[in-house]
Amino acid sequence: MSKSKASFIGIFGGTFDPIHYGHLRIAEEVVETIGLREMRFTPAGIPRLRYAPIASPQHRAAMIHTAIQNNPRFVLDERETRRPGISYSVESLRELRQEMGENITLCFVMGADAFMKLAEWHSWRELFRLCHIIIAARPGHALATNHDVLPQELREECTQRWVSSAGSLECASNGLIFVAPTTLLDISATAIRAGITTRSSVRYLLPDAVLDYIETNHLYSGEE
Ligand code: ATP
């Protein structure tokens with residue numbers, strides 16, 4: 001069934017420790033390219049596949065709130081930081097599907113580095129029954145368009161799912177994968193945290209207001 005673009009909703013998961021211009025620019029470009037009604041930034045509480053975030057869930061959510069407040073299409077979704085235990089994206093997508101109904105098409109956004117590891121995620125095949133996947137290329141990580149670099153299990157699951165235009169996402173309400181054309185920005189939260197800890201400048205890698213928040217709350221300085 002063809003879907004109206006007005007019903008497309010983006011979900012952007014991550015630790016956002018802290019949010020930076022790499023995240024924000026991808027979100028802006030994906031919203032525009034696909035015509036998303038909104039992009040929901042969904043910070044993980046306790047991630048399963050990586051070390052625990054440095055900043056608390058409350059601080060990470062507050063930084064997202066600060067960064068997105070002037071964009072009417074950007075929304076902070078705190079369901080994963082409020083849910084006890086490990087954060088599973090699949091649970092959030094199930095909940096959103098229930099809350100928003102069948103007329104909504106969910107588009108889960110991730111960088112190429114995250115996509116490479118998708119087969120390690122909890123109930124990862126179920127994701128394709130709940131949403132489309134939108135991939136953003138990331139400097140230093142293999143191009144998602146080169147399917148040969150994908151782990152075999154993931155490559156096989158994805159074979160019939162790739163689409164080469166945003167418009168093709170309207171052909172189904174879930175299960176398709178699109179590599180969005182996004183500006184390559186070699187920015188990572190890891191580098192930002194390291195810069196703050198060593199007192200190097202991280203200005204212009206993230207919004208000034210987020211940097212002010214970090215300084216006011218002494219985040220990543222080694223003092224917290
Ligand atoms: P860290 O350095 O702490 O691992 P990060 O910068 O990768 O953090 P996350 O919050 O872990 O940020 O990322 C959330 C999502 O955004 C992931 O899917 C990740 O691949 C993607 N992402 C983050 N930064 C970029 C970037 N510069 N370009 C493309 N994708 C990115």
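Of note:
- All of His20, His59 fail the test of being away from the ligand (no atom under 13 Å from the Cβ), at pLDDT 95 or above and under 29 Å from Gly140 (Cα atoms), apart from His59.
- Test for Arg94: is it surrounded by 15 or more Cβ atoms within 10 Å (Cβ to Cβ), over 11 Å from the mean Cα position of the chain (by Cα), more than 9 Å from the ligand (Cβ to nearest atom) and under 26 Å from Arg155 (Cβ atoms): yes
- For Ala67, the test of being within 14 Å of the ligand (Cβ to nearest atom), aliphatic (A, V, I, L, M) and surrounded by fewer than 16 Cβ atoms within 10 Å (Cβ to Cβ) is failed.
- Enumeration of residues in segment 162-179 that are surrounded by fewer than 19 Cβ atoms within 10 Å (Cβ to Cβ) and among the hydrophobic types (A, V, I, L, M, F, W, C): Trp162, Val163, Cys171, Ala172, Val179
- Strands (runs of 3 or more DSSP E) wholly inside segment 1-110 containing at least 1 residues that are over 25 Å from Asp186 (Cα atoms) and of a type in the set (A, V, I, L, M, F, W, C): 8-14
- For Pro84, the test of being under 28 Å from Tyr220 (Cβ atoms) and loosely packed, with under 15 Cβ neighbours inside 10 Å is passed.
- Applying the condition of being at pLDDT 95 or above and more than 15 Å from the ligand (Cβ to nearest atom) to segment 100-113 and asking which residue is surrounded by the most Cβ atoms within 10 Å (Cβ to Cβ) yields Thr105.
The values are calculated or read from the model by the stated rules, or taken from the named source; none is laboratory data. Bear in mind that the values here come from a model prediction, so they are computed numbers and not experimental data. All Cβ positions, even for glycine, are placed from backbone atoms using ideal geometry, and neighbour counts span all protein chains on display.
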